[in-house]
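Okay, so here's the structure we're looking at.
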Amino acid sequence: MNKEWMDKDPAAQREAQNYENPVPSREYLLDFLLQWGKPITHPRVCQELNIHDEDSVEGVSRRLKAMCRDGQLMSNRKNEFCLLRKMDLIPGRVIGHRDGFGFVQPDKGGDDLFLSPRQMRQVFDGDRVVVQEVGKDQRGRREGKIIEVLEHNTHKLVGRFKGENGFGNLQPENQRIAQQVMVIADPDSGLKYENDQLVILEITQQPGKRNMPQGKVVEVLGDHMAPGMEITVAIHNYGIPEEWPEAVKQEIGDLKPEVEESAKTNRIDLRDLPLVTIDGEDARDFDDAVYAERKRSGGWRLWVAIADVSWYVRPGTELDMEAHKRGNSVYFPEFVVPMLPELLSNGLCSLNPNVDRLAMVCEMTISDAGNMSGYQFYEAVIQSKARLTYTKVGKILTEADTEEGHQLRQEYAEQVPHLETLHSLYDTLRRTREIRGAMDFDTTESRIVFSDQRKIEKIVPVVRNDAHKLIEECMLCANVATARFLSAAEIPTLYRVHDGPKPARLENLRAYLAELGLNLSGGEDPEPTDYQQLAEWIKDRPDRHIIQTMMLRSMAQAVYTPENNGHFGLAYSAYTHFTSPIRRYPDLLVHRAIRALIHSGAQKRSIKRPDNFVLNPDFAYRYNTEQVIQLGEHCSMTERRADDATRDVVSWLKCEFMQNHVGSEFDGVVSAVTGFGLFVELESVFIEGLIHITGLPSDYYQFDAAKQRLVGERTRKVFKLGDRLRVLVAGVNLDDRKIDFELVEVLDTRKSKAAPVSKRQLLAEGKIGPSDEKRSSRSNSGRSTTRNSSKKPKSSAKGGAKSGAKGATKSKPSGANLSAAEREVTSVAKGAKGKSNKARKRVAKKPKSRSSAGNGPAKR
């Protein structure tokens, strides 16, 4: 028995006294691992310490495990040991996955850490934890181990009850919670619920290492197929505040339905200015009004009046705290969860026609070239002269020679000259936008039309006319002016920041484009003009929507932050949100910053005040940079929450709609390619489903992630993004939001060409002999060649097909609080995270995770 370590172990004598067969002490092992500097296995420890006899090897194993149990060491999934104090503790938020595993999103940013299904048993999606990185998994992702649960954030769950007599399990509706929850009957509640009914469960025991989560039913929602149930479930699943606290109701109880005369003082009077609102037919709140006039010296003056929400919602009030909690309004199909109570959102803060309203005004000067040469901000009292719709204004401006257009021009004769001025301004701003290089993709949104029973009757495309685009350009101008104003004032506030593409995504995009004979210029740091130039090149291609989708997926997600880093997609060096304080909390914060500057007494050309203006110290700005950072993170979170919730509802509705079309055939386009199949978007209804890889023509298919295609090993048949296929609806799983298709035929519009065959494949098939292969190798010696390997390329996705994530450009539920231009450059970037590029060498049977219903529209 070799005891060389005993000469170096300071505690060797103690170990010899306590144990018949002593092993290295804890102190010695800790020092050894400190010197080793990286994780090490038990056999390697014994090898390095020259310990070989069976009893000593087993003794070292027991000691290492005991040190792990006592928190001195940690072991990873590879059974390697490392010092606990050498591993950084990483706090973050848990992101669950329907397949049982999950991730931790670090608070300080950086790559997520993978959590195994075993680790995920201790937590729910959304919990805050401290983890340690314990190595890499088989796909090279950082892997974490939960050290401590800092905060459980799931206290109620919505799900399907499975059981009888009040006892059983809850099957959560939240797709990111894989574990079932034990339901304990509560005889005192008086609630009656049956198997398969939807219920709300209050968690009485959180998950743990040895604890199965438990709860009791506190509310019975009813049949999962009841009309509107999908919205009720989403509201509870995503923790969207819907009920108004009693304190808020009491606080707004004294507000009158009309603006008080005292509130109209100390403001610029614009009641004679012919401002108008232009919104959708079904809009109920009107938070922006516009007017423009030509200047004698050339150019335009543009007024954008925004409802003065910050006058009514003061910092620190119950109303403010609730608005902050909500973060934004949530726009479900034909249902809205507002950020503010209706007394404000549809009343005092809605710029209804022919009534006095308080407004924050941005008055701008635009040159004939479309450049903003000046701006002023001020508090005002206004009176909208008309409530117009996009449809009416579009017909007035572009269909004057039709009977309906002629009638509308007569009905709104007073507004027609002003609308034409706005239209001429829009034409100039559009040309400036093109010169600037802002992205302007030809995307199509869709709208769900419901029956009286609130079931989908049809899904129709939404056509954006010049009225939509006119208002959008006016709002963009006001947002830019606001960003410049606040940046010059050096006041901490929230900017809307959209970073350029990351290198890895850019590399994937260029690989895909190269397959199509296309190129994105700009090198490693492309500009928006490079993207827009490519969009121009492809505008007449039948596959342009798919190419645009890939371009959008290469970009980052827009966020709220006090760092003014510009907006890549819109090609602005400074951009913020000013125009929707009724439905976005960041806009409300921006309004407070503007009001603080107005009441600071600072003499600036960009601030306008009425005669005898009285400064109000109550409007002093209350936020420092740290607070603004936290507000930005919170508002970015609530925006994502709203996007996820609306996407989930639309997926539910579309699955429900497709249940009536099982067995029907549709034409569609391949909208995404993964290692387990093809996602196809149906052209007529804008719904997405999956053709599983085993349903493709008889062959084994390899996934080429870089070129976004599946290639048959034997036939070299290729299926790729943009291919047009005829499919049959094979099945619908409403619980998992999955739609399965079967391939009927490949349409001829965009044929899939065969991929080149490797020499190894030809050799295996006997089409060339060994000597041919050798000659070819000699002739190619010294050259850089690419071999068509049978190995699966590794994916950079974070694992699994995520429920509800999509990324096609035709349907966008996300971003209902954004302009169409911003939705183009943000919602698909979010969807890029959704579909996994998880590759498999060969698939013999279908996996559990298949597909998800596609995205749908949301009311603007």
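For the stretch 182-264, trypsin sites (Lys or Arg not before Pro) are listed when DSSP marks them as loop and at most 14 other Cβ atoms sit within 10 Å of their Cβ; the list is Lys192, Lys209, Arg210.
With Cα atoms as the point set, the radius of gyration and Dmax of the stretch 89-151 evaluate to 10.1, 30 Å.
Once C-alpha pairs closer than 8 Å and six or more residues apart are averaged by separation and normalised to the residue number of the stretch 220-303, the relative contact order reads 13 percent.
The dipole here belongs to the chain: it is taken about the Cα centre, uses +1 on the Cβ of Lys and Arg and -1 on the Cβ of Asp and Glu, and is about 3760 debye. If you plug the beta carbon distance of Ala602 and Val462 into 1/(1 + (r/R0)^6) with R0 = 56 Å, you get a FRET efficiency near 0.80. The sum of -39500 (n - 2.57) across all DSSP H runs of n ≥ 4, divided by the residue count of the chain, sets its helix-only mean residue ellipticity at 222 nm to -9000 deg cm²/dmol. Loop-located trypsin sites (Lys or Arg not before Pro) in the stretch 284-340 (DSSP state not H, G, I, E or B) with no more than 11 neighbouring Cβ atoms inside 10 Å: Arg296.
With a Förster radius of 45 Å applied to the C-beta separation of Asp452 and Leu518, the computed FRET efficiency comes to 0.40. Taking other C-beta atoms within 10 angstrom as a stand-in for reagent exposure, Cys82, Cys68, Cys362 fall in the order Cys68, Cys82, Cys362, fewest first. Ordering Lys502, Lys720 by the number of other Cβ atoms within 10 Å of each residue's own Cβ, fewest first, gives Lys502, Lys720. Between Arg640 and Lys8, full extension at 0.36 nm per residue minus the direct alpha carbon distance yields a gain of 221.8 nm. Here are labelled values, (i) 29; (ii) 35; (iii) 62, and one is the computed percent of Cα pairs over 46 Å apart for what I pasted. Which one? Answer by label: (ii). Place +1 on the Cβ of every Lys and Arg and -1 on the Cβ of every Asp and Glu in the stretch 4-83, take the dipole about the Cα centre, and give the residue among Leu29, Cys68, Ala16 whose Cα lies farthest towards its positive end. Value computed over the given set: Cys68. Among the GluC sites (Glu not before Pro) in the stretch 476-547, those placed in a DSSP loop whose Cβ has at most 15 other Cβ atoms within 10 Å are Glu490, Glu524.
Our note on the geometry: Cα centres of the stretch 590-613 and the stretch 523-573, 36 Å apart. Partner aspartates and glutamates whose Cα lies under 12 Å from the Cα of Lys738, excluding those fewer than 8 positions away in the same chain, are identified as Asp648, Glu656, Glu688. Just need the relative contact order of the chain here, percent rounded to a whole number, with Cα pairs under 8 Å and 6+ apart. Rounded, it is 10 percent for the chain.
When the Cα centres of the stretch 178-247 and the stretch 141-175 are compared, how far apart do they sit, in Å? So the two Cα centres are separated by 11 Å. Residue separation of Leu191 and Glu54 scaled by 0.36 nm, minus their Cα-Cα distance, works out to 43.1 nm of gained length.
Over the stretch 542-670, Cα pairs under 8 Å with separation of 6+ residues give a relative contact order of 22 percent.
Anisotropy class assigned to the stretch 156-224 is oblate, per the alpha carbon gyration tensor with a/c at or over the 1.5 cut-off and a/b no larger than b/c. Legend: ranking of residues Glu20, Glu688, Glu681, Glu251 from fewest to most surrounding C-beta atoms inside 10 Å; resulting order Glu20, Glu251, Glu681, Glu688. Reported to the nearest whole Å, the Cα centre-to-centre distance from the stretch 417-441 to the stretch 641-657 is 34.
Values quoted throughout were computed directly from the atomic coordinates according to the rules given, and no laboratory measurement underlies them. As the structure is a prediction and not an experimental result, all values here were calculated from the model. FYI the Cβ positions are ideal-geometry reconstructions off the backbone, even for glycines, and counts take in every protein chain you see.
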